[in-house]
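S.K.: One structure is given below, represented as structure tokens, and several questions about it will come after.
The values are calculated or read from the model by the stated rules, or taken from the named source; none is laboratory data. Just so it is clear, the structure is predicted and the values come from calculations on it, not from any experiment. Cβ coordinates were reconstructed from backbone atoms using ideal geometry, including for glycine residues, and neighbour counts include every protein chain displayed.
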Amino acid sequence: MKSVFKNLAFCAVLGASGSAFAAVVPFPNGDFETPGGASWDKNSFAGNQVISFPSTGGNTGGYGSIVSNELGGYAVLVTNGGLPYPLASLNLVAGKTYTFSYDMITSVAGPNKGGIKIESWSSTAGISDSKDQRVTSASTGWATYSYAYTIDPAATHIKVVPLWTPGETVGFDNVRVDNTPIVPPPVVPVIPNSGFEIPGGPFNVGADWAYFAGGFTGTHFTTGGNPGGNTVIDATVPGTYGVLVAKGNAYFSLAELGLTAGGTYIFQMDMKLLAGQDLGGLKLELSGADFVEKKPTAQQIAALPNPITEWNTYSFEFTIPAGWTQFKVVPVWGVASRVAYDNVKILPPPPLAAQIQAGTTVSWNAANPLNSYQPQESPTGLPGSFTNLGPKISGNAVTTVFAAVPAPFYQVLETTPDLFANAVLNPGFETSAVSSAPADNWSIPVPANNPNAVMTVVGSYPEVALAPFAGTKMLVIDSTTPATGPVTPPDTNVRSDSWTVTGNTVYTLSFQAAHLFKIGGANPQFYFQFFGSDPIFGDPVFLGDSFTSFQSLGGSWTKVERTFTTPAAATSMTIGFIQAMGAGNGWRWVTLIDDVSLLTPSTPGVTTVIPATPAAGVQISWNSKSGKTYQVKSSIGLLDWENFGTAAAGTGGTMSVSAPLTPPNKFYRVEETP
């Protein structure tokens, strides 16, 4: 794969704030300050032309002069003594578009004066060129002219050729190129009625939108959106599914949206949770059996100023697979929740942008990869005056942080890890000494309403060679429907015994799951049930539940994880698994579950203070994208670039590295590759 990167260079000045390094690069002796026109070739033919290099009178200083005393023949200047320059020497890349500029003076104002021609070369031969790009001179004084030129994708070298004016005098100075590629205007695809401002459509969910559901309600509202109109899918009553489909359930072609297969784009949607605990998401559907589903991650939600219950914009970066020519845009329901949707958009990814800042690097010796380290700063150094400098850092991979505003005193808190215990009893379904339905500490609260709904614990599954994720047992949920005739949708439900929890506390549940068969429609979900304690009798009091779908998994073991907060009055909880099956004939879903874990702290870690070492430094930061890799590079003279640190995968947020501010001064740039 051909690497595609965007460079941003920065100048780190010792003892001063870093400032952005200008990307405008003069051609060697492009200002004609070296006497005799060094680095330039004088080329003329069949005419009375005079080419010279006066040392004064330019814009400013020396310049190149072409005097053409008759209309026949030609006279030009050629960079590099007539030889092409290697693209790399000017930090240019084949196939990219750049702005070439020059200062020019003419003896007579008017059209078709002077100008330049730019040529793309292999190392030995010309490939293509810009043709003569002549300009209109508004006066007889010095003026700056520019021309955007796309270098031939096969080129390795380049020439720039300032042109004569037939029968007149023309002068050139400050021939240069901006080596930051010109970014084409972003393509902003339009989704009809993307903001749900126009009512109408089937089920009145909004004009240009289709709605498909199994028991859920979809409703358009003219107010209350973000802003204006919006559509709500109410899935609080247990059912099967509910989706909106843009363009009235028609496919968008990539061509009509201005998208390309292999391109990366931002799919964006505003959502607001009106009831329940599960936000919806966005599905891109190529066909009924081939789709990609995006839902907000815990990190996305945690980064929001008013998470969940207020309008927020959720962005999903997606690279369109090769071979795709069309797709549907499908907002999907929130499981057991009521979710509002607005402003469905497709946007180009933001351009790579970086900056450099001078400050202080704070370093420490992190001896234990299992411990965490919290840098702190203080104006006085007295106990109780230290505040956190950035977030807590786990492990010893990172031992330096950056402080934009220096402080007089620094220290680091080193904390040993908390010891955790798994609150889930029999998490791997390994024992069944007391119960066999389906294993100890697990029960079937409501008997299956169909003999084809089977829950069992086995060591292997005969139809697929997939062993338990851990240990010797796993839970199997096998739901089928008759091949013909009426269908009563099978409803499987298995739930754990309860365990003690603390109210208003963050927990993380995880388990391993796989779907061996996905024939027809079903919605496997895991759910929490929370209980309080009766203040008089101490009996459990049901406080509510929360459902999360995991239907998008494939046929191999995949970790499912959810972080949640218990209700304030909660004293205990359970986890359950259900598989809500549709009513079609010949359908079958087989789901495997193993290694269920909900960790609770048992022994807190121990915190000690260790010394920190401050030093003058700089920080290079940039906006990153998921699916991209970033490499920071440094250079002393802008020609030879060396890796600074190691390449890192994009996080979708701001990334940064810091460096000590020591001689010699360096330039920095960031490279982005697929």
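S.K.: Hey, could you check the range 447-478 for residues that are part of a strand (DSSP E or B) and at pLDDT 85 or above and say which is nearest to residue 525 (Cα to Cα)?
M.R.: 477
S.K.: Would you please name the residue that is farthest from residue 370 (Cα to Cα), looking only at residues in the range 400-422 that are of a type in the set (Val, Ile, Thr) and surrounded by fewer than 16 Cβ atoms within 10 Å (Cβ to Cβ)?
M.R.: Applying the filter and picking the extreme gives 405.
S.K.: Test each condition in (1) in contact with a Pro (Cβ under 7 Å, 6 or more places away or on another chain); (2) without any contact (Cβ under 8 Å) to a residue 40 or more places away in the chain; (3) of a type outside the set (A, V, I, L, M, F, W, C) for residue 247 and report the one that comes out false.
M.R.: Every listed condition holds for residue 247 apart from (2).
S.K.: Could you check the range 36-122 for strands (runs of 3 or more DSSP E) lying wholly inside it with 2 or more residues that are polar (S, T, N, Q), in contact with a strand residue (DSSP E or B) (Cβ under 6 Å, 6 or more places away or on another chain) and surrounded by 16 or more Cβ atoms within 10 Å (Cβ to Cβ)?
M.R.: The qualifying strands (runs of 3 or more DSSP E) are 64-68, 97-106.
To keep it simple, each residue is scored yes or no on (1) under 30 Å from the mean Cα position of the chain (by Cα); (2) more than 30 Å from residue 298 (Cβ to Cβ); (3) β-branched (Val, Ile, Thr).
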| position | (1), (2), (3) |
| --- | --- |
| 583 | no, yes, no |
| 592 | no, no, no |
| 600 | no, no, yes |
| 603 | no, no, yes |
| 610 | no, yes, yes |
| 623 | yes, no, no |
| 634 | yes, yes, no |
| 645 | yes, no, no |
| 653 | yes, no, no |
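S.K.: Would you mind stating whether residue 392 is in contact with a helix residue (DSSP H, G or I) (Cβ under 9 Å, 6 or more places away or on another chain) and among the charged types (D, E, K, R)?
M.R.: Criteria not met by residue 392.
S.K.: Restricting to the range 523-537, give me the number of residues that are modelled with pLDDT of 85 or more and not aromatic (Phe, Trp, Tyr).
M.R.: Quick first cut of the range 523-537, residues modelled with pLDDT of 85 or more only: 523-533.
Then drop every residue that is not not aromatic (Phe, Trp, Tyr), which leaves 523-525, 529, 532-533.
Number satisfying all stated conditions: 6.
S.K.: If only one of 615, 580 is assigned to a strand (DSSP E or B), in the same structural domain as residue 375 (by TED's automatic domain parsing) and small (Gly, Ala, Ser), which one is it?
M.R.: After ruling out the rest, the residue left standing is 615.
S.K.: What number of residues within the range 208-243 satisfy the criterion of being part of a loop (DSSP other than H, G, I, E, B) and among the charged types (D, E, K, R)? Walk me through how you get there before you give the answer.
M.R.: Residues of the range 208-243 that are part of a loop (DSSP other than H, G, I, E, B), as a first pass: 208, 214-216, 222-229, 235-241.
Among the residues that remain, those that are also among the charged types (D, E, K, R) are: 208.
Looking only at that region, the number is 1.
S.K.: Sticking with this structure for a sec: How many residues, within the range 476-499, are surrounded by fewer than 16 Cβ atoms within 10 Å (Cβ to Cβ), more than 30 Å from residue 573 (Cα to Cα) and under 44 Å from the mean Cα position of the chain (by Cα)?
M.R.: The qualifying residues number 1.
S.K.: Scanning the range 254-294 for residues that are under 18 Å from the mean Cα position of the chain (by Cα) and aromatic (Phe, Trp, Tyr), which turns out farthest from residue 314 (Cα to Cα)?
M.R.: Going through the qualifying residues, I end up with 265.
S.K.: OK, next. If residue 218 meets every condition in (1) free of Cβ contacts under 8 Å to residues at least 60 places away in the same chain; (2) of a type outside the set (S, T, N, Q); (3) more than 22 Å from residue 327 (Cβ to Cβ) apart from one, which number is that one?
M.R.: (3)
S.K.: Check residue 116 against each of (1) out of contact with any Ser or Thr (no Cβ under 6 Å at 6 or more places or on another chain); (2) at pLDDT below 95; (3) not aromatic (Phe, Trp, Tyr) and name the one condition it does not meet.
M.R.: (2)
S.K.: If I filter the range 110-117 for residues that are over 10 Å from residue 147 (Cα atoms) and among the aliphatic types (A, V, I, L, M), do I get at least one hit?
M.R.: From the range 110-117, those over 10 Å from residue 147 (Cα atoms) are 110-114; that's our starting set.
Of the ones still in play, those that are also among the aliphatic types (A, V, I, L, M) are none.
No: the range 110-117 contains no residue that is over 10 Å from residue 147 (Cα atoms) and among the aliphatic types (A, V, I, L, M).
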